Structure formats: structure tokens, C-alpha cells
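**Q** Sending over a structure as C-alpha cells; questions will come in a sec.
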Amino acid sequence: MFNDIGPLELVTIIVLAVLVFGPEKLPKMIQDVTRTIRKIRDFSESAKADIREELGPEFKDFEFEDLNPKTFIRKQLDNDELGLKEIRNGFDLKKEMAEVTDAVHGRESESSSSSSSAGSAGGTVDMTKKRERLAPDERPPFDADAT
């Protein structure tokens, strides 16, 4: 609840509490606030228990945190009924990026070079090689990475 409060904000709140309530009444106010928070938590837990009891045994594994959409989706995606773990584990991002980079630069990737027997580049321009100077009427080569 208060995870995003930094030390400076906490000190500011304490100073304001001392100024507003005074040093004599501050301990009593802290006790009242903690007692109120404890009562709210107890009320919340009893309400959750009543709801679980009313729902019946078929909802015994129901958690109220599942009502949060992010938690619900994460729990459903972790469920292996759809086979999503196999898809997620079968996807290698580094390998895919290396293949795309090789395709852009006109090189054969490791997977395509093992499957093809002809290893000639066949008229492709090597974009990784830097030329010293261009001829006066020659246009620079197209750079796929720059676009």
C-alpha cells in the first residue's frame, strides 16, 4: 500500500503529524490508527471467510487476488492445459534475432547453412565490408539497417 513512499516523504509525514497533533497526543493517535487498521483487516478476513463459505466446496481454491486481471491472466497462462509452456520454451529470441540479422546482411545463418548444400552468395552485396572511397559517379550502397 505504501511501497512507493520514500524516506523524504516519510520524514515529512512524521514532522507534519507532530506539528498537527502535538507530541502529547501523537502516541494516542498512532494507537488509534493501528487499532482501526487491525479492525479493518479482521473485518475483511471475516468477510472473505463468509464469502468462501457461501460459495461452497467447488470454490475451495478461490483466491480474491485472482480477481485482479493481471493475476488472473498470469495464472491462466501458467496453466499448462493449452501447451503454452512448450511454445514459450521452444522460442529462442537470440537465435531468431541472429537469423534476422544474417538475412538482412545477406549472410547464411547457421540453421539455413546446415540445410542448404549450395553455399554461394549469388550476387549479394556484403554490407559489413567498408569501402575506402566511392567513385565520383557511384552511389553509396543501400544500408538496410539505416532505414
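Readers should treat all values here as calculations from the given coordinates under stated rules, not as data from a laboratory. Source: prediction; values computed, not measured.
**Q** Short version: ³J(HN,Hα) in whole Hz for each residue of region 32-44, in order, from phi by Karplus 6.51 cos²θ - 1.76 cosθ + 1.60 (θ = phi - 60°), x for Gly and Pro, what are they?
**A** Computed from phi, the couplings for region 32-44 are 5, 5, 5, 5, 5, 4, 4, 5, 5, 5, 4, 4, 5 Hz.
**Q** So if I restrict to the alpha-carbon atoms in region 1-80, what is the Rg, and what is Dmax, the biggest pairwise distance, in Å?
**A** 19.7, 59
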